[in-house]
Amino acid sequence: MKDRIVLIFWLAAVVAITFVHEPVVLAALLLIVLISIGRSAPGIARRALAAVALVNLTVSIAFVLSAWLAGDAWLQFVLRLNLRVFLLALLTFWMIRHVDLARAAAPWPSLQFIVVLALGQIRTFSALLADYRMAFASRSPTRPPLRVRFDGAGRQAAAMMEKAESQAEDLTQGMRARGFFDDCQDARDYNRKNNREENCEDSRKDNCEDNREHNWPDANDRSRLND
């Protein structure tokens, strides 16, 4: 119950903050949140700042240059943008630290399934990133130059993107083989929407062939196994 209350409070706060446009009010809210967090405020603030600094800096510089060339005012927009984004990031990191998302989504099984799936992927890739960093450090007896570090980061990002794509395909096929997707119903809805009368047997056949190719049981195989 506590997790759901905190999650609802966070959602309400995020929506409310989007309606605040005065930098002074945003700064006051930011100060109140930092005081309310307490001792853990510096650590959470550092994580939130690290998460948004690069994007905020890029957008702010681009807007300042554009406004300067056009002769428009830019200070209020930059202050509002940075204060609001940092405040939202701070609240989000605080919420993640105090809320068990899987428990908060317990009343909604479909949402809980998505949350558990997402958290599993996050932890998998966090461990993979830590392995990449340790491997890079173990192969660098001295501090590598910036070019080498950029090259290593690019290779790590490419490897993680490739793994994410592969895992997404495997997860989708595994969920389809276990009945999470009703391809025939999707085909019927599509045909009904487009005034078509085609059936979905071809789609079912293709899915069954994909299942057998990956050694996953189709619906008929599962029913025989249950019998």
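The values are calculated or read from the model by the stated rules, or taken from the named source; none is laboratory data. Because the structure is a prediction, the values reported are computed rather than measured. Neighbour counts are summed over all protein chains in view; Cβ atoms, including those assigned to glycine, are modelled from backbone coordinates with ideal geometry.
Only one entry of 153, 164, 157, 168 meets the criterion of being at pLDDT 80 or above, within 30 Å of residue 102 (Cα to Cα) and surrounded by 10 or more Cβ atoms within 10 Å (Cβ to Cβ), and that entry is 157. Before we move on, is residue 148 touching a helix residue (DSSP H, G or I) at 6+ places or on another chain (Cβ under 6 Å), surrounded by 12 or more Cβ atoms within 10 Å (Cβ to Cβ), at pLDDT 80 or above and outside the structural domain of residue 7 (by TED's automatic domain parsing)? The answer is no for residue 148.
This table checks each residue for (1) touching a Pro at 6+ places or on another chain (Cβ under 7 Å); (2) surrounded by fewer than 15 Cβ atoms within 10 Å (Cβ to Cβ); (3) of a type in the set (Asp, Glu); (4) without any contact (Cβ under 8 Å) to a residue 40 or more places away in the chain.
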position	(1), (2), (3), (4)
30	no, no, no, no
50	no, yes, no, yes
56	no, no, no, yes
67	no, no, no, yes
75	no, yes, no, yes
80	yes, no, no, no
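Note on region 97-122: residues that are under 17 Å from residue 47 (Cα atoms) and loosely packed, with under 13 Cβ neighbours inside 10 Å total 2. The helices (runs of 4 or more DSSP H) found entirely in region 38-122 that carry 1 or more residues being at pLDDT 85 or above and among the aromatic types (Phe, Trp, Tyr) are 41-70, 75-98. Among the residues of region 5-26, none qualifies, meaning not one is touching a Leu at 6+ places or on another chain (Cβ under 6 Å) and without any contact (Cβ under 8 Å) to a residue 60 or more places away in the chain.
Scanning region 32-43 for residues that are more than 13 Å from residue 87 (Cβ to Cβ) and either among the acidic types (Asp, Glu) or touching a residue at least 24 places away in the same chain (Cβ under 8 Å) (or both) yields a single hit, 40.
Residue under question is residue 84, and the condition is that it be under 30 Å from residue 115 (Cβ atoms), surrounded by fewer than 16 Cβ atoms within 10 Å (Cβ to Cβ) and charged (D, E, K, R); does it hold? Criteria not met by residue 84.
The C-beta contact set for region 106-130 (first residue in contact (Cβ under 8 Å) with a residue 60 or more places away in the chain, second residue surrounded by 14 or more Cβ atoms within 10 Å (Cβ to Cβ) and in a loop (DSSP other than H, G, I, E, B), distance under 6 angstrom, 6+ apart or interchain) is empty.
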